[in-house]
1. If you check Leu4 against the conditions, is it in contact with a strand residue (DSSP E or B) (Cβ under 8 Å, 6 or more places away or on another chain) and exposed (fewer than 15 other Cβ atoms within 10 Å of the Cβ)?
2. Being among the aliphatic types (A, V, I, L, M) and under 24 Å from Glu142 (Cα atoms) is the filter here, so list the residues in the stretch 104-121 that pass it.
3. Looking only at the stretch 64-97, which residues are at pLDDT 70 or above, acidic (Asp, Glu) and assigned to a helix (DSSP H, G or I)?
4. In the set Lys102, Lys161, which member is surrounded by fewer than 18 Cβ atoms within 10 Å (Cβ to Cβ), in a helix (DSSP H, G or I), modelled with pLDDT of 80 or more and among the charged types (D, E, K, R)?
5. Among the candidates Lys61, Lys56, Lys24, which residue alone is surrounded by 17 or more Cβ atoms within 10 Å (Cβ to Cβ) and at pLDDT 90 or above?
6. Specify which of the listed residues (Thr143, Thr149, Thr184, Thr194) is modelled with pLDDT of 70 or more and open to solvent by 60 Å² or more (accessible area, probe 1.4 Å).
7. Restricting attention to the stretch 120-136, and to residues there that are open to solvent by 50 Å² or more (accessible area, probe 1.4 Å) and among the β-branched types (Val, Ile, Thr), which single residue is nearest to the chain's Cα centre (by Cα)?
8. Which condition from (1) modelled with pLDDT under 70; (2) open to solvent by 90 Å² or more (accessible area, probe 1.4 Å); (3) more than 17 Å from the chain's Cα centre (by Cα) is the one that Leu30 breaks?
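The values are calculated or read from the model by the stated rules, or taken from the named source; none is laboratory data. Just so you know, these numbers come straight off a predicted model, no measurement behind them. Note that each Cβ is placed from the backbone with ideal geometry, even for glycine, and that neighbours are counted across all protein chains shown. Ligands, DNA and RNA are excluded from the accessible area calculation, which covers all protein heavy atoms including side chains. Shrake-Rupley method; radii C 1.70, N 1.55, O 1.52, S 1.80 Å.
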Amino acid sequence: MIILADPVTHDDMEMIYGTAEILKREGCELVTVILTRLPFSRQDRDFGTRQAIQVKNEIGKLAMDVDQLIVVEPHSQEIIREGLETGLPVMGFSAWKLMANKAREILGDDFKDVVGVLPDNGRMSIGIEMGTFLGCGVVATETNRDPVTGKKVVTLSDESKAVLEAVLGSLGLVFEDIVSTGGTLVRLGEAVRT
């Protein structure tokens with residue numbers, strides 16, 4: 001049996017655990033869970049030790065009744081390691097090339113007037129890979145938190161500004177992995193306009 005889900009909250013994950021438990025109890029021999037994302041998978045960024053405590057809990061709970069976990073864009077190898085430690089086989093799947101091919105289908109093959117834009121420089125390796133694959137330049141913004149308000153502030157480095165000025169009027173193709181509220185995309189648009 002395959003459970004395909006797009007969990008956002010802990011409650012969503014609880015529904016997945018419950019479904020897997022019922023399936024196993026009713027005699028299902030193989031339960032595979034495919035997640036479009038794993039909640040809390042970026043939590044390791046909040047700790048200096050880079051330990052994703054909640055991810056360990058989530059994978060540990062899945063391991064009780066799930067035989068295989070597939071995560072689209074797992075964000076880090078930590079998730080794969082945690083699965084191995086619990087005995088749960090975890091496989092990561094990248095959708096970037098699928099999305100790039102869709103962009104080619106929509107925009108055609110000529111990407112010389114396209115610039116790839118990353119909302120933050122943390123995924124620059126993906127941006128470079130996609131830029132090379134599509135044949136377009138790539139710029140990244142820098143995302144920081146305002147020390148007073150705590151709100152995210154998106155800025156462009158001088159190098160990124162120079163690239164954007166050189167391709168002024170070009171189509172911007174945003175490479176973003178997760179869009180929950182759209183706030184990052186709004187701030188990205190504001191930074192690019194200025």
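1. Yes; evaluated as a whole, the condition is true for this residue.
2. Correct list: Val114, Val115, Val117, Leu118.
3. Those that are at pLDDT 70 or above, acidic (Asp, Glu) and assigned to a helix (DSSP H, G or I): Asp65, Glu82, Glu85.
4. On the way: Lys161 fails: modelled with pLDDT of 80 or more.
After applying the criteria, what remains is Lys102.
5. Details: Lys61 fails: at pLDDT 90 or above; Lys56 fails: at pLDDT 90 or above.
Residue meeting the stated conditions: Lys24.
6. Matching residue, one of Thr143, Thr149, Thr184, Thr194: Thr149.
7. This residue is Ile128.
8. Among (1) modelled with pLDDT under 70; (2) open to solvent by 90 Å² or more (accessible area, probe 1.4 Å); (3) more than 17 Å from the chain's Cα centre (by Cα), the lone unmet condition for Leu30 is (1).
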